[in-house]
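The values are calculated or read from the model by the stated rules, or taken from the named source; none is laboratory data. Since the model is a prediction, treat every value here as computed from it, not as a measurement. Here the Cβ positions follow ideal geometry from the backbone for every residue, glycine too, while neighbour counts run over all protein chains shown.
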Amino acid sequence: MKKLKRAGVLVLALMIGLMSFTGCAAKEEKPKVTITIKTPPISIKSSEADTTDDIMVMLQEAGDEFAKQYEAADVTVKVIKFQYEDEDKFITQTFGTEDAADVLFEGYFNMSGYIHNGYAVPLDDIISEELRGDVDKAIWDISSLNGKTYMMPFNSFNNTLIYNKEMFRQCGLEAYIADGDVIASWTTDEWNTILDTLAEKLPEMAYPMMMYAANDQGDTHIMTLIRSHGSKFFDKDGRFNINTPEGIEALKVIRDGVDKGWYPNGCSNLAILDCNDLFSNNQLAIHMANTAIENYNDNVKYGRVNFPSLDGKGYTTSFVTGFMVFDNDDADKLAASKAFVKYFYDSDKYPNYALNGQPALNSVVKANAGEIFMAEAYADNAKNAVNFTGNNPNWRGVRNVFWTHIKALLEGTVTPEECAAAIDKDCNAAIEEGYKNSTIHE
């Protein structure tokens with residue numbers, strides 16, 4: 001009898017233990033996950049009342065709302081903003097560390113390298129048929145590689161040059177001033193006349209045109225200027241091909257601009273932000289701009305013009321911004337990061353923050369047509385856009401070396417011929433390295 005009682009007690013204890021274990025399993029906590037979203041200071045704009053124009057505030061708000069409804073994990077969203085010139089420090093150099101970005105929001109021209117280094121993951125599994133049909137194929141093509149989508153497009157920007165109308169009037173250049181929503185185009189000869197006139201007639205401490213070579217932030221604009229004398233820039237294989245008569249002539253004109261007084265003093269040591277300050281302070285007649293720089297969205301004070309070309313049609317560049325998700329060897333973080341991006345695009349609110357450029361979603365364009373600055377003019381000007389990256393890998397590597405040769409050119413330590421040869425050599429080496437080390441995440 002005692003053995004039976006003892007057996008019964010053991011069975012009861014075992015049942016209680018099993019029940020306790022089952023209860024603990026049922027109450028097991030969700031995994032705790034922190035996803036880090038990083039972004040440069042991209043401006044945003046929405047037509048909705050009482051909305052922020054701060055990219056960090058918008059992303060943090062979206063992240064907090066996402067975390068409240070996400071069921072697969074207990075999520076904390078952290079948003080970090082970095083300056084454009086600190087891209088390597090905040091993105092590239094943090095891969096494989098606790099500080100790595102899980103989600104990146106910026107322009108595709110930098111992101112393309114992250115596809116080839118294997119960190120960016122395809123996003124097709126979170127793109128609904130409805131969303132796929134709401135974005136033009138050309139935008140999807142820019143955001144994809146080998147038939148897979150690696151960036152969720154948000155909006156696009158058309159880079160042109162911008163001029164101060166009053167400074168033009170002061171120098172007798174009224175004939176070149178356009179009124180209204182117009183993007184002008186001037187021939188290379190007209191450009192030379194305008195810059196020479198500004199250099200002659202502007203007051204002391206005021207300058208005709210931006211120029212900078214303190215870091216890699218001038219690549220897009222200076223590369224476009226190099227096309228001004230007919231350079232195709234890339235060869236048929238997409239490699240740099242500046243060492244041609246057309247490319248050398250453009251570099252010679254850029255260098256001659258130093259002696260002609262076209263640029264601010266010491267331009268080789270200036271950054272783009274220095275020229276922004278000069279332009280904002282009415283000390284610079286011509287600068288670069290797109291609608292992301294809302295301080296310049298004023299057609300009364302400023303006019304827009306394409307980069308120079310021999311035929312007078314001009315050149316512009318266009319880039320797409322959006323979201324990229326990185327695989328940091330943590331399945332829970334990766335799942336949450338992709339779910340955040342899906343949540344963002346499924347929202348009725350957050351895609352509407354794209355109005356400072358041309359929104360990627362056609363439904364957003366249609367609903368906010370009157371809120372988009374110079375929408376028709378920029379759309380029409382897209383025909384003058386050039387592909388400034390040539391879809392090459394390792395564009396970060398290209399940017400890291402290109403500016404050093406422009407700096408040497410502006411300082412006069414190399415000739416235009418030497419500069420052209422060095423650009424081709426070093427930039428093509430960076431591209432080859434990109435292809436050699438390419439490991440695309442499947």
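Brief remarks on what is shown
- Sole residue being in the same structural domain as residue 326 (by TED's automatic domain parsing), of a type in the set (Val, Ile, Thr) and in contact with an Asp or Glu (Cβ under 9 Å, 6 or more places away or on another chain), chosen from 127, 80: 80
- In the set 180, 147, only one residue is within 22 Å of the chain's Cα centre (by Cα) and small (Gly, Ala, Ser); that residue is 147.
- When residue 332 is tested against the conditions (1) surrounded by 20 or more Cβ atoms within 10 Å (Cβ to Cβ); (2) touching a strand residue (DSSP E or B) at 6+ places or on another chain (Cβ under 7 Å); (3) in a helix (DSSP H, G or I), the lone failure is (1).
Table: residues versus (1) part of a helix (DSSP H, G or I); (2) crowded, with 17+ Cβ neighbours inside 10 Å; (3) at positive phi.
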| site | (1), (2), (3) |
| --- | --- |
| 262 | no, yes, no |
| 268 | yes, yes, no |
| 298 | no, no, no |
| 303 | no, yes, no |
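- Test: residue in region 99-107 that is in contact with a helix residue (DSSP H, G or I) (Cβ under 6 Å, 6 or more places away or on another chain), of a type in the set (A, V, I, L, M), in a strand (DSSP E or B) and modelled with pLDDT of 95 or more: yes
- Residue 96 vs. criteria in contact with a Phe, Trp or Tyr (Cβ under 8 Å, 6 or more places away or on another chain) and within 25 Å of residue 430 (Cβ to Cβ): no
- Applying the criterion of being assigned to a helix (DSSP H, G or I) and without any contact (Cβ under 8 Å) to a residue 60 or more places away in the chain to the residues of region 126-152, the residue that is surrounded by the most Cβ atoms within 10 Å (Cβ to Cβ) is 140.
- The single condition among (1) modelled with pLDDT under 90; (2) crowded, with 21+ Cβ neighbours inside 10 Å; (3) in a helix (DSSP H, G or I); (4) not charged (D, E, K, R) that residue 273 does not meet is (2).
- Scanning region 221-240 for residues that are among the small types (Gly, Ala, Ser) and either in contact (Cβ under 8 Å) with a residue 24 or more places away in the chain or in a helix (DSSP H, G or I) (or both) gives 228, 230, 238.
- Residue in region 412-427 that is in the same structural domain as residue 258 (by TED's automatic domain parsing), in contact (Cβ under 8 Å) with a residue 12 or more places away in the chain and under 19 Å from the mean Cα position of the chain (by Cα) present: no
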